[in-house]
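Asker: Let me begin by handing over the structure; questions about it come next.
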Amino acid sequence: MSVRVRYAPSPTGSPHVGNLRTAIYDWLFARKEGGQFITRLEDTDRDPTRYKPEYIQDIENSLHYLGITPDEWWVSGGPCAPYVQSERLELYQHAAEELIKKGLAYRCYCTEERLTEMRDRQQRQGLPTGYDRRCRYLSKEDRKKYQEEGLPSVVRLAVPMDGKTTYHDLVYGDISFENKLIDDQVLLKSNGWPTYHLAVVVDDHHMGITHVIRGEDWMPSTPKQILLYNALGWEPPLWVHVPLIVGKDKKKLSKRHGSTQFIEFIREGYLPEALFNFLVLLGWSAGDENVEILSKEDILQRFSLNGITNHPAVFDYDKLKWMNGEYIRSASTERLIDLCIPYMAEAGLISGLSPTQEERSFLQSIMPLLVERMKVLSEVSSLADYFYKPPAEYDEKGKRKWLTGQSARKMVSAILAAITEHAGEWTVHATEELVNNLAETMGCSRGPIIHSIRISVTGRTVGPGLFDILVLIGRDETMRRLNTALNLIQD
Ligand code: GLU
């Protein structure tokens, strides 16, 4: 039987990085096994405070960005279409009816008020909360009467009252639950819409899903779903729960730790291959802990479900940044330019999203210098701004050290004088010579001269090679900036 795996996002939020990690595992496993990767929209929660159609776009964009386009989904269709749960309501209703007919599910007429009162009572008595199964034991007559009166009802699963539900998880091993602890969960709501459990089981069955790969936080749902498979007389899939993603404090990754939505990482300028590489390693290891940078092809070659670990994976933001920087430095200049254009345009450093030929060729010159320090693409505008305009402010420490007092004034004046006297070309070699000669004349090392020029011209104390910067900025602009700095110096 060919492997069929699914990623089943709900448009009740922009997808979390953890969801995309699951999607990556699905994609890898499907590719590895020559199977299919399916993506299904689980949109049965229509609470307007949570459900937003734009999240569907975020789901699509995230998958496209990572280059893991599903083989079957709502965008391109497939043999099990529709891949959107709100378009499959009849299937769920049919399954619920079947279960009622078999006596394995029942209509429950309890009102919200009664259920609330029941829960409050259970809480007061320190009992576990759950449905008290009153409607499971309704007499035939009462049931008929309620139906004729048209009382609203939900459908609940009649969970076995004894025995255990056991399953084997490919990551966590054998797991067992006492049936008596499992609630008679609602399968179909009074408006005819399914709950998550019913919809997920019906769809996974009808879509021929062989392995359910999902976050460990879904483990408590698994016995309920297995009971449903049993009741429906269907073979359950294999279960693969992947470990939770946590912050450095070992708590579930949340806003408190930093960005959590995949789309935020795209906006900040993380390259797809960095995100792919980083997310795969959260909970999976190739067996060689020392290997960090792995291309998609490397990963595909090494991937197997055996490599998934069962302990929480720490999301290390610094490591992701470092990794992204590595990928940035290995990307081609042309690609980086294309990726950086939106940030440069937004900062007003270039004319717009389609820069002129002149702007593009200037970008070609500065990009190799910028990438040395770039960790995320969104940093490009702050790293590049001094190539376009004089510094608006100067690094405080640098200013105190190199642009304060008599000696600073003497130094900047000497630099200016040397440049004024310099008649030759303005090249990397010539500017370096100029600094070397000045150091000799002044009887000092090159360091202070270079520092003084750098802070005056860029406003910073660190950056790419100074002589490269000077050539790109040009002689006149260099002198203008040195003059501005000179006027700034106070005793
Ligand atoms: N719709 C669920 C979610 O939002 C799917 C859980 C599962 O994979 O069973 O993650």
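Asker: Counting just the residues of region 182-192 that are touching a Ser or Thr at 6+ places or on another chain (Cβ under 8 Å) and among the polar types (S, T, N, Q), which one comes out farthest from the ligand (Cβ to nearest atom)?
Answerer: Ser190
Asker: Looking only at region 163-203, count how many residues are on the phi > 0 side of the Ramachandran plot and under 33 Å from the mean Cα position of the chain (by Cα). Even if it seems obvious, please write down each step before you answer.
Answerer: Initially, region 163-203 is screened for residues on the phi > 0 side of the Ramachandran plot, giving 163, 173, 192.
Filter once more, keeping what is under 33 Å from the mean Cα position of the chain (by Cα): 173.
Counting residues in region 163-203 that are on the phi > 0 side of the Ramachandran plot and under 33 Å from the mean Cα position of the chain (by Cα) gives 1.
Asker: Among Pro236, Pro223, which is in contact with a Ser or Thr (Cβ under 6 Å, 6 or more places away or on another chain), within 16 Å of the ligand (Cβ to nearest atom) and in contact (Cβ under 8 Å) with a residue 40 or more places away in the chain?
Answerer: The match here is Pro223.
Asker: Residues to consider are Leu282, Leu275; find the one that is among the hydrophobic types (A, V, I, L, M, F, W, C), assigned to a loop (DSSP other than H, G, I, E, B) and in contact with a helix residue (DSSP H, G or I) (Cβ under 7 Å, 6 or more places away or on another chain).
Answerer: On the way: Leu275 fails: assigned to a loop (DSSP other than H, G, I, E, B).
Checking each option against the conditions leaves just Leu282.
Asker: Right, something else. Residue by residue through region 249-279, note down the ones that are closer than 14 Å to Asn324 by Cα and touching a residue at least 60 places away in the same chain (Cβ under 8 Å). Lay out the reasoning, then the answer.
Answerer: Just the residues of region 249-279 that are closer than 14 Å to Asn324 by Cα, to begin with: 265-279.
Within region 249-279, Phe265, Ile266, Arg267, Glu268, Gly269, Tyr270, Leu271, Pro272, Leu275, Phe276, Leu279 qualify.
Asker: Within region 386-404, how many residues turn out to be within 14 Å of His451 (Cβ to Cβ), in contact (Cβ under 8 Å) with a residue 40 or more places away in the chain and surrounded by fewer than 16 Cβ atoms within 10 Å (Cβ to Cβ)?
Answerer: Final tally of qualifying residues: 2.
Asker: Within region 223-237, count every residue that is in a helix (DSSP H, G or I) and farther than 13 Å from Asn179 by Cβ.
Answerer: 3
Asker: Let me ask you something else. Mind checking which residues of region 32-77 are within 27 Å of Ile299 (Cβ to Cβ), in contact with a Ser or Thr (Cβ under 7 Å, 6 or more places away or on another chain) and of a type in the set (Phe, Trp, Tyr)?
Answerer: Listed by number, the list holds a single entry, Trp73.
Asker: Let me ask another. Name the single residue that is farthest from the ligand (Cβ to nearest atom) among those in region 193-217 being in a helix (DSSP H, G or I) and over 16 Å from Gln85 (Cβ atoms).
Answerer: Glu216
Asker: Looking at (1) in a strand (DSSP E or B); (2) over 30 Å from Leu28 (Cβ atoms); (3) among the hydroxyl-bearing types (Ser, Thr, Tyr), which one does Ser190 not meet, given that it meets all the others?
Answerer: Failing condition for Ser190: (1).
Asker: Residues that are polar (S, T, N, Q), within 15 Å of the ligand (Cβ to nearest atom) and more than 17 Å from the chain's Cα centre (by Cα): does region 14-32 have at least one?
Answerer: no
Asker: Say whether the condition of being under 22 Å from Gly465 (Cβ atoms) and loosely packed, with under 13 Cβ neighbours inside 10 Å is met by at least one residue in region 352-361.
Answerer: Yes: one or more hits.
Asker: Please enumerate the residues belonging to region 37-60 that are outside any loop (DSSP other than H, G, I, E, B) and touching a helix residue (DSSP H, G or I) at 6+ places or on another chain (Cβ under 6 Å).
Answerer: Passing the criteria: Phe37, Asp58.
Every read-out reported here was derived from the displayed coordinates using simple, explicitly stated rules and does not represent laboratory data. Since the model is a prediction, treat every value here as computed from it, not as a measurement. Note: ideal-geometry Cβ built from the backbone for every residue, glycine included; neighbour counts use all protein chains shown.
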